[in-house]
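Structure record follows, encoded as structure tokens.
The values are calculated or read from the model by the stated rules, or taken from the named source; none is laboratory data. Bear in mind that the values here come from a model prediction, so they are computed numbers and not experimental data. Glycine also receives a Cβ, built like all others from the backbone with ideal geometry; neighbour counts cover every protein chain displayed. All accessible areas refer to the heavy atoms of the entire protein, side chains included, with ligands and DNA or RNA removed. Shrake-Rupley method; radii C 1.70, N 1.55, O 1.52, S 1.80 Å.
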Amino acid sequence: MKSIFLLPYGAVAHRAIVPTLMAFPRDIGRVVPVEIPGRGKRSHEEYAKSIQECAALALQEIDTESERYILHGHCMGALLAFEAIKLIEASGRQLPSFMVASGRNAPRHVNDWLRRVPGLDDRSLFKELQELGGVPKGLSFAMAQHFLTVLRNDQAMFRDYEPGETRISVPILALAGRDDK
């Protein structure tokens with residue numbers, strides 16, 4: 001049986017991707033959301049300080065030994081998958097069959113929005129996220145303080161991210177929408 005490990009986009013716990021989980025066909029194999037520090041069942045843990053550290057901590061929830069598997073990362077999760085594969089390769093463990101990257105440009109690319117985020121106050125950031133569709137339905141600004149804290153920590157990891165020169169030897173399926181920038 002194949003497993004698909006889903007690495008999350010910024011500021012979410014794995015419960016936020018339940019609709020995504022439900023969209024997978026039942027016969028595709030086991031679909032496993034990966035929780036990262038600072039959210040969900042790992043909310044008691046400190047936030048990771050870098051994408052590389054976060055990827056290493058995410059690997060604690062990924063079974064690389066027992067079966068064929070795929071890593072699927074969306075947005076920030078794509079960077080986590082990329083860095084996790086670099087760690088798996090370096091350790092000599094079984095590599096995933098392939099990696100799926102969605103909602104994310106190449107690791108070296110930092111878009112204008114990511115450059116602007118650190119300078120936005122919380123209310124402006126919340127408004128922009130609403131316009132992008134990046135705020136959970138029904139979440140008001142007053143209720144969003146924890147969400148914004150998590151997002152700011154994730155943005156700090158993005159801001160300081162340097163992918164290095166290492167390439168991975170795993171095939172990558174890159175998914176993008178027609179309106180993606």
*Restricting things to alpha carbons, tell me how big the chain is in terms of Rg and Dmax, in Å.*
16.1, 47
_Portion, in percent, of the accessible area of the chain that falls on carbon or sulfur, probe 1.4 Å_ = 55
*Residue-averaged 222 nm ellipticity for the chain, from DSSP H runs of 4+ at -39500 (n - 2.57), nearest 500*: -10000 deg cm²/dmol
*Table column - 3J(HN,Hα) (Hz), segment 70-83, Karplus curve with 6.51, -1.76, 1.60, x for Gly and Pro*: 10, 9, 10, x, 10, 6, 4, x, 5, 5, 4, 5, 4, 5
*Cross-link reach list, lysines versus Lys137, counting only Cα pairs under 19 Å and skipping chain neighbours closer than eight places*: Lys127
*Accessible solvent surface per residue of segment 74-134, calculated while the other protein chains remain in place, 1.4 angstrom probe, Å²*: 50
*Based on the Cβ-Cβ distance from Leu175 to Ser140, what FRET efficiency comes out when R0 is 35 Å, to the nearest 0.05?*
0.65
_From the protein chains alone at 1.4 Å, what is the descending order of accessible area for Asp112, Asp27, Asp122, largest first?_
Asp27, Asp112, Asp122
*Gln60 versus Arg108: modelled label distance in nm, points set 7 Å from Cα along the beta carbon direction*: 3.3
_Sort 58-68, 92-102 by the packing proxy (mean of other Cβ within 10 Å over each peptide's residues), most packed first._
92-102, 58-68
*Label-point separation in nm, His44 to Arg26, each point 7 Å along Cα→Cβ*: 3.6
*Using only Cα atoms, what is the ratio of the radius of gyration of segment 85-181 to 2.2 N^0.38 Å?*
1.32
_segment 127-170-segment 20-85 distance, computed between alpha-carbon centres (Å)_ = 15
